[in-house]
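The values are calculated or read from the model by the stated rules, or taken from the named source; none is laboratory data. Just so we're clear, the structure is a prediction, and the values are computed from it rather than from any experiment. Note: ideal-geometry Cβ built from the backbone for every residue, glycine included; neighbour counts use all protein chains shown. We work out accessible area using only protein heavy atoms, side chains counted, and drop any ligands, DNA or RNA first. Shrake-Rupley method; radii C 1.70, N 1.55, O 1.52, S 1.80 Å.
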Amino acid sequence: MKVIDTVAGRHSGSRADSGLLEALHGLQAEHGYVPRQEAMALSRRLSVPLARIFEVLTFYSYFRLEEPGRITLSVCDGTSCHLQEGPVLLNALQELLGIKPGEATADGAYQLNVVRCLGCCSCSPVLMVDDKVYSHVEPTDLPRIMKKHPPIVNKESNDDAHSTA
Amino acid sequence: MSTTTPVKDPAALASWATEQKAQQDSGAPILIRVSMGTCGIAAKTGSVLEVLQSEVQSQQKEGQIEIVQTGCMGLCHSEPTIEVYDRQTRQSIFYGNVKPEHAPAIVREESSQAYGVDILTQNWYRPEEEKADVATAQARIVLRNTGRINPESIGDYVGTAGYTALAKAITSMQPDEVIQTVIDAGLRGRGGGGFPTGVKWQFAANQPAGEKFVICNADEGDPGAFMDRAVLEGDPHAVLEAMAISGYAIGAAKGVIYIRAEYPLAIERLQCAIGQALEYGLLGDNILGSGFDFDIEIKYGAGAFVCGEETALIHSIEGLRGEPIYKPPFPAVEGLWKRPTIVNNVETLANICAIVRQGPEWFRSIGTEKCPGTKVFALAGKVKRVGLVEVPMGTTLRDIVFGVGQGIANDRAFKAVQTGGPSGGCLKSDDLDTPIDYESLRALGSMMGSGGMIVMDEDDCMVNVAKFFLEFTLDESCGRCTPCRVGNKRLHEMLVKVCEGKADMRTLEKLRQLSDVIKETSLCGLGQTSPNPVLSTLRQFRREYLDHVLNHMCTAGVCSALISYEINDRCVGCTLCARNCPVSCIDGSPKELHTIDKELCIKCGVCQQVCKFHAVDKH
Ligand SMILES: Cc1cc2nc3c(=O)[nH]c(=O)nc-3n(C[C@H](O)[C@H](O)[C@H](O)COP(=O)(O)O)c2cc1C
Ligand code: SF4
Ligand code: SF4
Ligand code: FES
């Protein structure tokens, strides 16, 4: 709730709406996605109709409406990576995990995303696992990389994470 | 740093600069610059930095060697890159592909060459400080500090004439003089449009006084471009200073930087720079005692390419969906919160300080008559030296691709170079000798765009390239107008058919016709330029389209529907391919010829990659 309060405090009057994106960014940073509950709370706090909030949420691809997998695998499909076997890498990863881009594995361990240019075009094709960038990745490298990022089990639930923070 | 109180006036700034310069000159005799841009960090430059630091300690050279982290040096092809600069002789050695195990030798040798480490040639100069050398293709105005100073130190920036342009503008020039200087310099917008920057400022300045805004467009959406990010990561103060100057010129007291949320490092460096500038009174109230106030706020994008369009960007800052609207009224008249607003690209702004410092004639002496100055390109794809390059306008594509980029990697043949990203087109080898500027590229059916430049070789299928860009446009169309939303979808479907070998000659004609309609009837630049990749490849690489349509062939071997994998009789039955195939569609017992079940094969190419006997063919 902290994010919402600071944003609401700074933006008021006719320009209150400009705080909306900021608040949504804050919520996503906190939860990894924008939970519906939080969106409703935001609507009340900023006196912005919920429909307006979802209108914005669904427009911007950065915002997620569902909880993502715990480890995020982002395959680059920028121009350079696309021309240098990025799609082959994506295909292989899809087969390996059995999911499509934008989806999480059933156990919630991995999230598969496609991104456009990570700015390391000299390393194409690029795979980013959470914040770690792997360069010149070939499908045969995948098992080794996945081993470095084993599924996180017994992850504390969101609420626990908050109370310890 | 000596001053922690705000810098009171231009004289105080000058003496701080002298102090910084003296400090820089009298520092340790050797300065090692370590390139810590996103690409450097991805290449594990961090571990090189750590070992360098500990080597300096263990070899007890703290007095001789100073290590500084900088932004991207532009030498992305050989990250981790470091520069060993000798303060006495003013000579540098650039080392590329540095590994942690090289660090002891580098520290030991100081400014003489360390054995066994790749040496790179520096092929750029800084027109403000150095004379042009015929051998150097690049000229750095925008990137003058990027890769040279510590972006997190305002003192470093001040030591290289930082904030003197702002001081000069606000204390010794009238706002209209500043605007005239920018008009005379002939600077044109580097965000793609090429509109004269000074003229845009003039429009906003001519609006009645009152609240006005300056926006820096850092939404860099082209999926193969990273110029703006490199500037923000490597020299953030240059952008802040330029925004303040433009604010003074048009009478605005507030600036907004709209940056992609996907650029965490750039955001961090900007926040750090804004904090420092406020602390030293180089932003905020009554800057340098001049009575001029200027504040800068950062706003984050959220993954929408169309928000790079200025009216969409303004909507996004206002907390709305980022949909463009019809112009006029232009933002300079009615922009953010319906107030006069100028929107300028990062690279455009990064030219401003040098223009104010050196004057318009100096700027005009670089580049061409119609397009003075330089352009930064993110050179990527199949060239040997992938990286960030800055060349004078009017340089030929050949000089960039084969000069700075040193030609095609892996001994393949050059096929095309793509400029302008999803709004641009592909140029063939016949066009390589064209001096590039906004007009010449448009005449060839492409665009300058923001500066993505992707080189393609014989293994790239041009139909597939067109399809790739269209997929991007489809994802990114805001959906407001039908030609863009639906038309591009139909174009994409037709291209898919071509790639699958299911199209006929009528499809090619329809592709062209529909492209023309979309260009003419879409509202914003996204839709108006979205068919460019299709039209340009259709015109320049018609042969390849015909191969797909008439011969069901993809000569580059990219379109998966038109290729197949087969195992030839070189197979010794080692079973390696079968064990690696992700869908287990390879059959065969050990020591026997293996076969691929083509029905199940997903054409991933893994088998070909792993086979040590060249026994897998691609047809
Ligand atoms: C679809 C679309 C995307 C754009 N993306 C960007 C961008 O990422 N960065 C940018 O500076 N300009 C972008 N522009 C151009 C801006 O609308 C605007 O012209 C530019 O920011 C003006 O700054 P300049 O005059 O300094 O170039 C885009 C335009 C369109 C139509
Ligand atoms: S041309 Fe496309 S992106 Fe631009 S306003 Fe129309 S639908 Fe939106
Ligand atoms: S191309 Fe991929 S799917 Fe097809 S046989 Fe080879 S390894 Fe298996
Ligand atoms: S295209 Fe993948 S990092 Fe640039």
- Query: Which condition number does B:Gly319 fail, the rest of (1) at negative phi; (2) within 14 Å of chain A (Cβ to nearest Cβ); (3) touching an Asp or Glu at 6+ places or on another chain (Cβ under 7 Å); (4) not aliphatic (A, V, I, L, M) being met?
  - Reply: (1)
- Query: Quick one: in the stretch A:69-105, which of the residues that are more than 12 Å from chain B (Cβ to nearest Cβ) and polar (S, T, N, Q) is nearest to A:Val137 (Cα to Cα)?
  - Reply: A:Thr72
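Might you let me know whether the stretch B:5-19 holds any residue that is of a type outside the set (Val, Ile, Thr), surrounded by 20 or more Cβ atoms within 10 Å (Cβ to Cβ) and within 14 Å of chain A (Cβ to nearest Cβ)?
Step one: filter the stretch B:5-19 for residues of a type outside the set (Val, Ile, Thr), giving B:6, B:8-17, B:19.
Add one more test, that the residue is surrounded by 20 or more Cβ atoms within 10 Å (Cβ to Cβ), and what stays is B:13, B:16-17.
Still in the list and also within 14 Å of chain A (Cβ to nearest Cβ): none.
Taking every residue of the stretch B:5-19 in turn, none turns out to be of a type outside the set (Val, Ile, Thr), surrounded by 20 or more Cβ atoms within 10 Å (Cβ to Cβ) and within 14 Å of chain A (Cβ to nearest Cβ).
Can you find even one residue in the stretch B:305-322 that is within 16 Å of ligand 4 (Cβ to nearest atom) and either without any contact (Cβ under 8 Å) to a residue 12 or more places away in the chain or closer than 30 Å to B:Cys524 by Cβ (or both)? Spell out the reasoning first.
As a first pass, look at the stretch B:305-322 and keep what is within 16 Å of ligand 4 (Cβ to nearest atom): B:305.
This time we only want the ones that are either without any contact (Cβ under 8 Å) to a residue 12 or more places away in the chain or closer than 30 Å to B:Cys524 by Cβ (or both), so: B:305.
Checked the stretch B:305-322: at least one residue is within 16 Å of ligand 4 (Cβ to nearest atom) and either without any contact (Cβ under 8 Å) to a residue 12 or more places away in the chain or closer than 30 Å to B:Cys524 by Cβ (or both).
Taking the condition more than 24 Å from B:Ile259 (Cα to Cα), open to solvent by less than 30 Å² (accessible area, probe 1.4 Å) and more than 16 Å from ligand 4 (Cβ to nearest atom), does B:Val356 pass? I'd like the intermediate steps shown before the answer.
Numbers: more than 24 Å from B:Ile259 (Cα to Cα): yes; open to solvent by less than 30 Å² (accessible area, probe 1.4 Å): yes; more than 16 Å from ligand 4 (Cβ to nearest atom): yes.
Against the criterion (more than 24 Å from B:Ile259 (Cα to Cα), open to solvent by less than 30 Å² (accessible area, probe 1.4 Å) and more than 16 Å from ligand 4 (Cβ to nearest atom)), B:Val356 qualifies.
Can you tell which of B:Phe213, B:Phe226 is more than 16 Å from ligand 2 (Cβ to nearest atom), over 18 Å from the mean Cα position of the chain (by Cα), touching a residue at least 40 places away in the same chain (Cβ under 8 Å) and within 14 Å of chain A (Cβ to nearest Cβ)? Even if it seems obvious, please write down each step before you answer.
On the way: B:Phe226 fails: over 18 Å from the mean Cα position of the chain (by Cα).
On inspection, the qualifying residue turns out to be B:Phe213.
With the condition being of a type outside the set (A, V, I, L, M, F, W, C) and open to solvent by less than 10 Å² (accessible area, probe 1.4 Å), I'd like the helices (runs of 4 or more DSSP H) fully within the stretch B:177-284 carrying at least 3 qualifying residues.
The qualifying helices (runs of 4 or more DSSP H) are B:227-234, B:236-250.
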- Top-ranked residue of the stretch B:602-619 - restricted to ones that are in contact (Cβ under 8 Å) with a residue 24 or more places away in the chain, assigned to a loop (DSSP other than H, G, I, E, B) and open to solvent by less than 30 Å² (accessible area, probe 1.4 Å), ranked as farthest from ligand 1 (Cβ to nearest atom): B:Ala615
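Can you tell me which residues in the stretch B:285-295 are open to solvent by 20 Å² or more (accessible area, probe 1.4 Å) and among the hydrophobic types (A, V, I, L, M, F, W, C)? Talk me through it step by step, then tell me what you get.
Of all residues in the stretch B:285-295, those open to solvent by 20 Å² or more (accessible area, probe 1.4 Å) come to B:285-286, B:289-293, B:295.
Once the filter is applied, which keeps residues that are open to solvent by 20 Å² or more (accessible area, probe 1.4 Å) and among the hydrophobic types (A, V, I, L, M, F, W, C), the stretch B:285-295 yields only B:Phe292.
In the list A:Leu89, A:Leu73, A:Leu57, which residue meets the criterion of being within 16 Å of ligand 4 (Cβ to nearest atom), under 19 Å from the mean Cα position of the chain (by Cα) and either in a helix (DSSP H, G or I) or touching a residue at least 40 places away in the same chain (Cβ under 8 Å) (or both)? Spell out how you get there, then give the answer.
Details: A:Leu89 fails: under 19 Å from the mean Cα position of the chain (by Cα); A:Leu57 fails: within 16 Å of ligand 4 (Cβ to nearest atom).
Every option except A:Leu73 fails the conditions.
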- Query: Checking B:Thr419 against (1) open to solvent by less than 10 Å² (accessible area, probe 1.4 Å); (2) without any contact (Cβ under 8 Å) to a residue 60 or more places away in the chain; (3) away from chain A (no Cβ under 14 Å), which single condition isn't satisfied?
  - Reply: (3)
- Scan the stretch B:556-584 and report the pairs whose first residue is more than 14 Å from every other protein chain (Cβ to nearest Cβ) and whose second residue is within 16 Å of ligand 2 (Cβ to nearest atom) and in a loop (DSSP other than H, G, I, E, B), with Cβ atoms within less than 9 Å and a gap of 6+ or a chain change. none
